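First up is the structure itself, then whatever we jot down about it.
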């Protein structure tokens, strides 16, 4: 008699399905969409070497592929950094990824009709829902971004600036002369992780006499995320795959939405 356990098969399925974020459709995760274009913009770079930062809290688990700001550059390039956040909720100086945006690809002055500009990240970075990070904008030339409305228009993070003659690395809230805080207009674009659950994750078929067949076991794959995912061909992978067979496969070659589940995968 021989005992067969197929946990290796299910571990293989889990790894394949959880790694397909590249096929997910990027979407707006967090944003402060209100642009105030009647009071001018907030400087980036220039004589005071000013940096701006907007702290963000991830709403969904996925890969940050792009950020958007209503930004313009009259000279120089724009540098976008994604940094960690310290205990005070400010940028901590740890750069998770960085992207230089050519200034020539951006407006050279603030247009009358303000709009978000795409700032793609060539080295995307992953976050889980609830993670906090800072988007830091800087320039060796002269750039600027429109401001948002007065008040806490984005409750999950604040906006800051770092400028001379202050000591470098000292972040101060972006406020008006009355001390009223405001956030920057921004959007974060995230490709959500594919999220699935498999039940059970393994099964012990017990002792089976050679030449006989065990009772079948159904494995259910459920799409628990917010994104569709596709399954290629399910195969048996084990040191002895010939000792198993798939009785019914309703999974291979299928695309499953966030409300679908696969209920008839029998081994």
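The values are calculated or read from the model by the stated rules, or taken from the named source; none is laboratory data. In this text the structure is predicted, and so the values were computed from the model without any measurement. With ideal geometry, Cβ positions are generated from the backbone for all residues, glycine too; neighbour counts draw on all protein chains shown.
Before moving on, here are some points about what is shown:
- Filtering 43, 114, 53 for residues that are surrounded by 20 or more Cβ atoms within 10 Å (Cβ to Cβ), touching a strand residue (DSSP E or B) at 6+ places or on another chain (Cβ under 7 Å) and assigned by TED's automatic domain parsing to the domain that holds residue 174 leaves a single hit, 53.
- Meets criteria (under 30 Å from residue 144 (Cβ atoms) and either modelled with pLDDT under 50 or touching a strand residue (DSSP E or B) at 6+ places or on another chain (Cβ under 8 Å) (or both)) for residue 35: yes
- Within region 156-204, tally of residues that are within 22 Å of residue 136 (Cβ to Cβ) and touching a strand residue (DSSP E or B) at 6+ places or on another chain (Cβ under 9 Å): 30
- Screening the candidates 130, 157 for the property of being surrounded by fewer than 21 Cβ atoms within 10 Å (Cβ to Cβ) and either touching a residue at least 40 places away in the same chain (Cβ under 8 Å) or in a loop (DSSP other than H, G, I, E, B) (or both) yields one hit, 130.
- Residue list for region 56-73, filter: touching a helix residue (DSSP H, G or I) at 6+ places or on another chain (Cβ under 8 Å) and surrounded by fewer than 20 Cβ atoms within 10 Å (Cβ to Cβ): 63
- So residue 65, is it under 14 Å from the mean Cα position of the chain (by Cα) and modelled with pLDDT of 95 or more: yes
- Here residue 187 passes the criteria (1) part of a loop (DSSP other than H, G, I, E, B); (2) assigned by TED's automatic domain parsing to the domain that holds residue 44 except the one numbered (1).
- The single residue among 128, 108 that is modelled with pLDDT under 95 and more than 16 Å from residue 57 (Cα to Cα) turns out to be 108.
- Residue 119 without any contact (Cβ under 8 Å) to a residue 60 or more places away in the chain, more than 20 Å from residue 181 (Cα to Cα) and either crowded, with 20+ Cβ neighbours inside 10 Å or outside the structural domain of residue 168 (by TED's automatic domain parsing) (or both): yes
- Strands (runs of 3 or more DSSP E) completely within region 195-267 that count 1 or more residues being modelled with pLDDT of 75 or more, in contact with a helix residue (DSSP H, G or I) (Cβ under 9 Å, 6 or more places away or on another chain) and more than 30 Å from residue 60 (Cα to Cα): 204-208
- Those residues of region 160-182 which are buried (at least 16 other Cβ atoms within 10 Å of the Cβ) and outside any strand (DSSP E or B), in sequence order: 163, 171, 174
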